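Read through the structure below, which is laid out as structure tokens, and then see the notes.
Any read-out appearing in this document is the output of simple, stated calculations on the displayed coordinates, not a laboratory observation. Here the structure is a predicted model, which means the values were calculated and not measured. Ideal geometry is used to build each Cβ from the backbone, glycine not excepted, and the neighbour counts take in all protein chains shown.
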Amino acid sequence: EDKVVQSPLSLVVHEGDTVTLNCSYEVTNFRSLLWYKQEKKAPTFLFMLTSSGIEKKSGRLSSILDKKELFSILNITATQTGDSAVYLCAVITAGKSTFGDGTTLTVKP
Amino acid sequence: KAGVTQTPRYLIKTRGQQVTLSCSPISGHRSVSWYQQTPGQGLQFLFEYFSETQRNKGNFPGRFSGRQFSNSRSEMNVSTLELGDSALYLCASSFGPLGAEAFFGQGTRLTVV
């Protein structure tokens, strides 16, 4: 059975801190790994990763995939209160999509 | 461009009834996937439709079914509702197949009483 594990489950930081969120997986027929941010209801897309070692970057957020060690990290630098959300990692395989339980990030002013 | 639209936003049903949820994808998107989100189980994949064909399916019982129309709009049906079906049902659309950048709708909150 495919498994996606995110850590930590929750994190509280102060504005300006840098955070690293982890996503490890054990799946069959890996296709891609996606990161989403969920604030209220609809998750919003952050990154799609398919190749190992290539960093995707968008502003203060960046992500990288390690297909040998089967994990991905999402980095957020200079955090802001608006970064407070649940961050979800999803792994897409040949037949389906498996989500982790998410990391709840709280950024305090 | 308009986002993914899900209707209705909220729904209350009684055990044993059936329900149909609707999802209108972003114009031009051909893939629609459905998810169930609950506090206990997180976000779980139900199925994906691409060009009117179900291409991928998660581990849900046959009471959960769906279809996609020629205009890419999709419906999800749940028959013989159980209390445990209470959840937020999300759909996501993408231009490419499952795994491509996907855009989620606001979801339908289903409560089974």
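Things to note:
- Over chain B - Rg/Rh using Cα atoms and the Kirkwood inverse-distance radius: 0.95
- Within chain B, the longest segment free of exposed loop sites, counting trypsin sites (Lys or Arg not before Pro) that fall outside DSSP classes H, G, I, E and B and have at most 12 other Cβ atoms within 10 Å, spans B:16-113.
- Spin-label pair B:Gln54/B:Asn71, simplified geometry with 7 Å Cα→Cβ offset, distance in nm: 2.4 nm
- Candidates per trypsin sites (Lys or Arg not before Pro) in segment A:12-106, loop by DSSP, up to 11 other Cβ within 10 Å: A:Lys40, A:Lys68
- Modelled spin labels at A:Thr104 and B:Arg63, positioned 7 Å past Cα toward Cβ, are 2.8 nm from each other.
- Each 10 Å bin from 0 upward holds the following percent of the Cα-Cα pairs of chain A: 16, 50, 29, 6, 0.
- Between segment B:54-113 and segment A:79-109, the alpha-carbon center distance in angstrom: 20 Å
- In plain terms, the chain from B:Thr80 to B:Val113 could stretch by 10.6 nm, reckoned as 0.36 nm per residue minus the Cα-Cα distance.
- Most fluctuating residue given options A:Ile54, A:Ile64, A:Ile76, as computed from a GNM of chain A linking Cα atoms under 10 Å: A:Ile54
- The relative contact order of chain B comes to 37 percent, based on Cα pairs under 8 Å that sit 6 or more residues apart.
- Chymotrypsin sites (Phe, Trp or Tyr not before Pro) restricted to DSSP loop in segment B:8-113 with at most 15 other C-beta within 10 Å: B:Phe69, B:Phe95
- Residues B:Val32, B:Val4, A:Val27, B:Val113 arranged by fewest to most Cβ contacts within 10 Å: B:Val113, A:Val27, B:Val4, B:Val32
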